[in-house]
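Here's the structure, in structure tokens; my notes come after.
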Amino acid sequence: MSKTKFIVRVAMCVAMLIGSQLALSSISGVEVVTVMMLCFCFCYGIRHGVAVAITFSLLRCFIFGFQINVIVLYLIYYILFAVYFGWLGGRFSGEMSVLRTVIVVASAVVFTAFFTLLDDIITPLMYAFHPNVAKIYFFNSLYAVIPQSICTVVTVSVCFYPLTRVIRKINF
């Protein structure tokens, strides 16, 4: 594959991720970045996924601000996300069965919860929260993880198959 095609794929995906995140940023608990990133990594593999993860994590700061804890969180989370779903896409090549789809959806929900838990570790450490404040931060984050997990179940269940088909078909 040419370097130009690689760069175009990464740029197109990052543009879609940032655009969708910006469009839905005012609605708490609703996001489509997970399903879009998942489908891209699943179809194009680890190398593309990690490039998108790093680029997305850094470029989104121009819109949402440069907060060091968020940059660290996004870099760690999305790189791990890209590696896992890129690997899973390689393992699940061919037609998707119901069992494979359930594994993808369950994995996406686990990653969604992991994002919040990772934030519950990174933010208090980086800002040197008092232990009691860190506990409050953790318990308050539970209010966000529940609607995010529900949104992940719905969006990945509904959008995963059609999005992966479109990505594979257009093969940009």
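The values are calculated or read from the model by the stated rules, or taken from the named source; none is laboratory data. None of the values given here were measured: they were computed from a predicted structure. Cβ atoms come from the backbone with ideal geometry, glycine included; neighbour counts cover every protein chain shown. Just so you know, the surface numbers come from the protein's heavy atoms only, side chains and all, with ligands and any DNA or RNA stripped out. Shrake-Rupley method; radii C 1.70, N 1.55, O 1.52, S 1.80 Å.
A few comments on the model shown:
- Note on the chain: helix-only mean residue ellipticity at 222 nm, from DSSP H runs of 4+ residues weighted -39500 (n - 2.57) and normalised by residue number, equals -29000 deg cm²/dmol.
- Solvent-accessible area per residue, Å², over the range 76-154 with all protein chains present [probe radius 1.4 Å]: 57
- For the chain, the fraction of alpha-carbon pairs in successive 10 Å shells from zero, as %: 10, 38, 36, 14, 3, 0
- Under 5 Å, built H, 5+ apart or other chain: amide partners of residue 96: none
- Spin-label pair residue 5/residue 80, simplified geometry with 7 Å Cα→Cβ offset, distance in nm: 3.3
- Each of the peptides 137-143, 61-67, 107-113 was scored by the mean count of other Cβ atoms within 10 Å over its residues; in descending order, highest first, they stand as 107-113, 137-143, 61-67.
- Spread of Cα-to-Cα distances over 5 Å intervals beginning at zero, given as percent, for the range 47-88: 6, 27, 30, 20, 11, 5, 1
- Protection proxy ranking of 154-163, 80-89, by the mean of other Cβ atoms within 10 Å over each peptide's residues and highest first, is 80-89, 154-163.
- FRET efficiency estimate (nearest 0.05) - Cβ-Cβ, residue 135 to residue 15, R0 30 angstrom: 0.20
- Under 22 Å from the Cα of residue 169 - lysines, other chains or at least 8 residues apart: 3, 5
- Over all Cα atoms in the range 69-125, the spread is summed up by Rg and Dmax: 13.5, 43 Å.
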